[in-house]
Amino acid sequence: MKMTEMNKGNKKRIASILTTAMLAAMLAGCGGGQTEAPSETPAQSGSEAAEPQVSTGEVYEIAFSSHNATGTISNLAVEYFADLVKEKSEGRIQVTFYQDGTLANELEAMQMVKTGEIQMCLLLDNFSTQLCDGYDPCIIPFVFNSSDDAAAVYDEANLGDVISQVCKDNGNVYLMGVQKRTPRLLTAKSAIETPDQLAGINIRVPQIDYWCDVWNGLGAVSTVVDWNETYQALQTGVVDCQENPIDNIYANKIYEVNSYVMMTEHQYGVNHWVANVDFVDGMDEDMRAVLQECIDEACAYGDELLEEKSQEYFDELESAGSITVVETDKEAWRDRASDTIDKILNDSFAPAVQEYVKNYMNGN
């Protein structure tokens with residue numbers, strides 16, 4: 001699938017904004033932190049912010065879609081959010097949460113939020129490729145070293161303001177929250193310790209061109225398979241391996257058909273909490289504040305679960321003999337991917353994003 005392309009004029013305009021913002025941030029000496037929504041969205045609540053004053057009035061119903069499986073860390077955070085926002089809004093905000101892709105897959109849910117057919121959804125990597133292609137470097141494998149570093153991309157002092165504005169312009173959605181994810185890991189039927197062992201192996205990937213390019217550059221054969229067909233594709237030998245975070249491997253029982261888990265940790269990303277612009281703008285001011293406060297709290301709750309739950313998944317699967325964990329030389333994988341990463345950045349990303357990534361990868 002070809003990535004969404006932005007018109008050149010808009011891309012230059014946004015690139016200019018981004019460069020100016022980054023220069024200002026460097027002068028101010030700002031560091032990474034939590035994402036803030038665009039100026040039109042509710043302000044992020046700080047630790048000293050007063051409790052929103054709730055008034056009686058209209059009830060707001062939110063249909064919230066996630067294609068992730070029940071029990072994944074992302075979905076546990078949304079369940080927490082649904083209960084919390086009902087309580088803090090005194091029943092004025094009601095959330096119906098559709099998990100496991102029961103309402104829509106990720107791309108379908110994104111379209112439904114854009115048009116206002118539903119109000120909110122979780123977007124993973126399709127946020128980067130469909131709503132702000134060329135501005136979100138977290139979509140590129142083998143770049144970031146930790147979930148903290150990936151989340152810092154969305155801080156306003158880095159690329160956050162521009163990413164938020166681009167997704168609003170392109171998709172009629174607000175980026176309301178960023179929740180950390182466990183790193184993506186390679187799984188297979190046997191150990192793969194080095195990139196050399198990937199030669200000629202079919203790897204399942206979603207329809208993301210950047211991922212296909214990187215895995216092909218490592219020597220594998222990228223094969224696009226829908227997520228809901230991945231288990232069967234691995235079982236029948238259509239593909240030999242796949243890559244996903246440990247909570248997805250656990251919840252979807254990938255270990256039954258790929259018992260070797262390689263600690264490549266090749267991609268750190270985030271869950272993007274997005275909402276329809278018209279819905280949010282149409283809320284009473286006090287309800288917008290409650291909504292944002294609860295999203296912030298739910299994302300923080302999900303972040304707290306991250307290390308605890310992911311370790312639980314590893315411990316349970318290892319103790320049951322369901323997986324064999326294989327350590328890898330991460331720098332060797334990154335070095336092998338570096339030429340492809342440079343080409344992706346130079347061909348497809350705004351200049352300031354190129355600079356940000358290259359500085360990061362050089363330790364600056």
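Values in this text are rule-based calculations from the coordinates and carry no lab data. Since we're looking at a predicted model, the values are computed, not measured. Every residue, glycine as well, gets a Cβ built from its backbone with ideal geometry; the counts of neighbours run over all protein chains shown.
What are the ³J(HN,Hα) couplings of segment 102-116, residue after residue, when phi is run through the Karplus curve with 6.51, -1.76, 1.60 and θ = phi - 60°? Round to Hz, x for glycine and proline.
Karplus-based 3J(HN,Hα) across segment 102-116 equals 5, 8, 6, 6, 4, 5, 5, 4, 4, 4, 5, 6, 4, 8, x Hz.
How large are Rg and Dmax for segment 64-221 when calculated on the C-alpha trace, in angstrom?
Rg, Dmax (Cα atoms, Å): 17.6, 58.
Compute the distance from the alpha-carbon center of segment 115-145 to that of segment 217-261, in whole Å.
21 Å
Would you kindly calculate the mean projected area, averaged across all directions, of the convex hull enclosing the Cα atoms of segment 64-138, in square nanometres?
Values: hull surface 21.8 nm².
Approximately 5.4 nm², given one-decimal rounding.
Under the 0.36 nm per residue contour assumption, what length would be gained going from the current alpha-carbon distance of E285 and K330 to full extension?
11.5 nm
Using all alpha carbons of segment 147-210, what is the percent of pairwise distances in each 10 Å bin, ordered from the shortest bin to the longest?
Pair shares across the bins are 15, 31, 28, 20, 5.
May I ask for the net charge around N346, where only other residues with Cβ less than 14 Å from the Cβ of N346 are counted and Lys, Arg are +1 while Asp, Glu are -1?
Values: positive: K343, K358; negative: D213, D339, D342, D347, E355.
Spelling it out: positives minus negatives among the neighbours equals -3.
Taking other Cβ within 10 Å of each residue's Cβ, how do Y250, Y301 sort, fewest first?
Result, fewest neighbours first: Y301, Y250.
What does the extension gain come out to for E308 and S259, with contour length at 0.36 nm per residue minus their alpha carbon separation?
So the extension gain works out to 15.5 nm.
Between T56 and D148, how high is the FRET efficiency from 1/(1 + (r/R0)^6) when r is the Cβ-Cβ distance and R₀ = 35 Å? Nearest 0.05. Walk me through the numbers before you get to the answer.
On the way: r = 41 Å, r/R0 = 1.17.
Efficiency for this residue pair is about 0.30.
What spacing in nm lies between the two simple spin-label points modelled at E87 and A320, each 7 Å away from Cα in the Cβ direction?
Inter-label distance under the simple model: 3.1 nm.
Diagonalise the Cα gyration tensor of segment 115-163 and give the resulting equivalent ellipsoid semi-axes, square root of 5 times each eigenvalue, largest first, whole Å.
The answer is 21, 13, 11 Å, longest axis first.
Set the Förster radius R0 to 45 Å, insert the Cβ-Cβ distance between D100 and N362 as r into 1/(1 + (r/R0)^6), and round the FRET efficiency to 0.05.
0.60
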